[in-house]
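Just so you know, all these numbers are worked out from the coordinates, no wet-lab data involved. Computed from a predicted model, the values in this text were never measured in an experiment. For neighbour counting, all protein chains shown are included, and Cβ atoms are generated from backbone atoms with ideal geometry for every residue, glycine included.
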Amino acid sequence: MAIIDAKRVTVIGLKNDKDKILKSLQSLGAVEISENNYEQADKIETNDEVIELEKKLADVDFTLNLIKPFDESKKPFLAVRPLVGRDGLDAFEVLQRSESAAIDSLKEYAEELAWAKSNITRANNIIMQVLPFKSFDETFDALGENIKTFSTVGLVPLESRESFTELMDEMGDFSYYEILDVLKESVVAFVVVHLDKVAEFRNRVKTIGFTEAKYEHFQESPTDVMKKEKADIEKFENQIDEIHASIAEYVPHIKDLQSLEDYYSSLLQREKASMAFGYTKNAFVLEGWIVAHKEKEIKEELEKVSETALVEFRAPLEDEDYPTIIENNSISRPFEAITEMYDTPSAKGIDPNAFMAPFYFIFFGMMMSDAGYGILLAAIASFVLWKTKPTGMMGKILGVIALCGVSTLGWGIVFGGWFGLSVEPLWFNPLQEPMMMLGLCLGIGVFQIIVGLFIAAGMNIKRGKPWSALFDQISWVFVLLGLPSLLMGGVIAEFGKYMAIVGVALLLLFAGRAKKGIVGKAIGGLSSIYGITGYLSDILSYSRIFGMGLATGVIAMVFNTIGGMLMGSWIGIPFGVAILVIGHVFNIGINTLGAYVHSCRLQYIEFYGKFFEGSGRAFRPLKMEMKHYRFEK
Amino acid sequence: MLELLGNNLGAVLAMFGAALAVGLAGTGSAIGVGVAGQAAAGLVAEDPDKFGSALVLQLLPGTQGIYGLLVGFMILLNIGVLGGEISVSTETGFYYFLGALPTAIAGLTSAIAQGKTAVAGIGMIARRPEEQGKAITMAIMVETYAVFALLISMLIILLV
């Protein structure tokens, strides 16, 4: 339910036992290995091994991606990754050898594919180059310098056509030109000039944008060149088809390759971890952080695999930077995802998840506030959770949605919303009593802010700063409780008046206590009162709960109305049903997103702003992280 | 024309308000979702796996258009366009018109601004995918003012 103590662990063992020990630690998933700058007594070889493994892993990944497009077997929509144990994973080792031939030939096929594709690109480029000159029916090698003349073909931009003819006329005798073809943006010109005038010709046509064809590499006529290249393209396309067919034959290898990929990646994680070890000729040392209460389990496990290993634990030192380990009960654990998206709490701070979870649960439900949607959300999220058993972030977010679906169902009953239809509410209908709803939202907001202030006050007291707690937090609690009470009238208002006065007095007198001099203290006290605007905007921010609730309810009403209108006649019934189904699915989607992010924001800004201490370092133990399997201890 | 205005000024004003709310807030959302979509397409071209995170950010500026729709719908519902007879006094019609304005104005501007924030956020998750939560939070900060506008619009429409 909170931030768990970390302990420093040191393991010294024989090099021969290193692999066994590492594998045990990885299976336990409870030790975060720290980087250490040991003076190495012995050269470490792991660096090369890591590079080698990374190469092998990349090869497997590459071949898998190559085969995948040819896998036509149907995959279930929601697939669960199969379980694999330690022995099962070890058994994958044989795949290294048995799959190496497949990997080699697949890599070869990939090279052939790349070669064929580059040839097609080359041929296409040549065709593009020659295509404008298709109306030139002589061969290219007839162009260029002859005994007395120079001939060429080129493109003249359409707008320069007249300047070109003028220019050619000015070239005088011994020059000839012919417009062969008119294209979209240019004309194709065939030009013959006297050898002595080539330089002059080139200089003059440069100014009007004449581009000469580059025909040095071609002998045949443009049409023949294109014909040859097209034949080439066809040849290479056939070759590509053949290679594809050969690759498709490897589809049955997919499962083994996936197993091998996970084998390599778990091995790589170990090798990378062992780069942080210290080595002597025969022994190694590793240091890291563990969850304090797993001390015994780790010690027992290591003693089981190695008789000589020496394991020691100690509490973190005063100035040591240790990771934040968070553990929560199964109800608030999914909500860790919300905090993870924000920041990692400082290891010396407080884990906000248990405090935040109930508020998140309530806010989300109030924003969706439709019993029908709640049932659907909870059912779908639970089904996906049960079917795919996702781990990590995805699993937590699905858990949040499943739980908040229950809250949505509850608030839907309270406010009388069932798929946008107004049913008799348990309490009141927000559309009919909007002021009541607004008051409820702001009231919950004030409550959450006060809870946040109390948490901050508690932290201050725990750190031996009770006066900070009183002047910086409790004073505001008085103000926040006192001012709204003034609206109530009667005894409560009288009581509220004094609370507010006490709160403001505390702020005025003591908020500037850290400042120097009597004037500084007075100004500090006065300016702290200005903080009331911050609290005001925080509280008003909670009105978004009402806003989001309106959005869900009224969009549902929109679709119900349109659907209802269509269903007035029998022809419209199928369309009406379609509108209703699509509309409500759309509404659930857009409002789940809205409720999710707006509930997050209320936690991050309004709640965490009061007490959260972030910039911690998350605990990342060495563990079995696999793409295709789930690890089972 | 004048006769229509004279006899139904209330309904005309109310519908004018509904049209503004849906039209302006919708315009803002279209622009916002559009620019965010361009950025998202750029990111997905580089890394197709980020489609999900990019899509969430692209969707965020779309909500203002929905708020506009809500306000428009509530006005039409209250003046009886959606079934029943259209009957609304000039005074009430004018209130509905005023009620539509916050969502129309804040919807238009906040959706565009939120679109720009979403573009920046998409740029952020291109380089640091783990910071998606922060990118979304930044975009949601802009949305606050659209939600406030919706709230006041709805209070006017529901309470007059």
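Ignore the peptide's own chain and count Cβ atoms of other chains within 10 Å of each Cβ in A:597-608; give me the average, rounded.
Working: counts 10, 5, 0, 4, 8, 1, 0, 5, 4, 0, 0, 0.
Taking the mean over all residues of the peptide, I get 3.
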Inset, instruction - Calculate how steeply helix A:517-529 sits against the longest principal axis of the alpha-carbon atoms of chain A, using the helix alpha-carbon long axis, and give the answer as 0 to 90 degrees to the nearest 10. - result: 80
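Longer than 29 Å from Cα to Cα, which of A:20/A:281; A:515/B:134; A:294/A:462; A:7/A:623 are they? Say none if no pair is.
Working: A:20/A:281 18 Å; A:515/B:134 34 Å; A:294/A:462 26 Å; A:7/A:623 18 Å.
In this structure, A:515/B:134 exceed 29 Å between Cα atoms.
Would you work out the relative contact order for chain A, in percent, from Cα pairs under 8 angstrom that are 6 or more residues apart?
Details: 915 pairs, mean separation 144.0, N = 633.
Relative contact order of chain A: 23 percent.
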Inset, instruction - Could you quote the convex hull projected area for the range A:417-467, Cα atoms only and averaged over all directions, in nm²? - result: 5.3
Legend entry - DSSP bridge pairs, the protein assembly as shown: antiparallel proportion in percent, nearest 5: 95
Inset, instruction - Work out the length of the dipole vector of the protein assembly as shown about its Cα centre, built from +1 on the beta-carbon of each Lys and Arg and -1 on the beta-carbon of each Asp and Glu, and round it to the nearest 20 debye. - result: 3660
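Can you divide the C-alpha Rg of the range B:1-134 by 2.2 N^0.38 Å and report the result to two decimal places?
On the way: Rg = 19.4 Å, N = 134, 2.2 N^0.38 = 14.1 Å.
Against the compact-globule rule of thumb, the ratio is 1.37.
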Inset, instruction - Sum up the lysine pairs in the range A:60-194 that clear both bars: alpha-carbon distance under 27 Å and a spacing of 8 or more or different chains. - result: 8
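Starting with the fewest neighbours, write out A:289, A:570 ranked by other beta-carbon atoms found within 10 Å of each beta-carbon. Intermediate values should be presented prior to the final figure.
Numbers: A:289 24, A:570 7.
The order, fewest Cβ neighbours first, is A:570, A:289.
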Inset, instruction - Using only alpha carbon pairs under 8 Å that are at least six residues apart, calculate the relative contact order of the range A:477-619 and give it in whole percent. - result: 13
Legend entry - Cα-based helix-to-principal-axis angle, A:46-67 vs chain A, degrees rounded to 10: 70
Inset, instruction - With everything on Cα atoms, drop me the angle between helix A:295-305 and the longest principal axis of chain A, reported from 0 to 90° to the nearest 10. - result: 50
Inset, instruction - For a footprinting-style exposure proxy, rank A:147, A:120 by other Cβ within 10 Å, fewest first. - result: A:147, A:120
Legend entry - Residue exposure sequence - A:187, A:502, A:585, A:84 - by fewest surrounding Cβ within 10 Å: A:585, A:502, A:187, A:84
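Which value results for Rg/Rh of the protein assembly as shown when Rg is the Cα radius of gyration and Rh the Kirkwood radius based on the inverse mean 1/r? Provide the component values of the computation, followed by the final result.
Details: Rg = 36.5 Å, Rh = 33.3 Å.
Radius of gyration over Kirkwood radius for the protein assembly as shown works out to 1.10.
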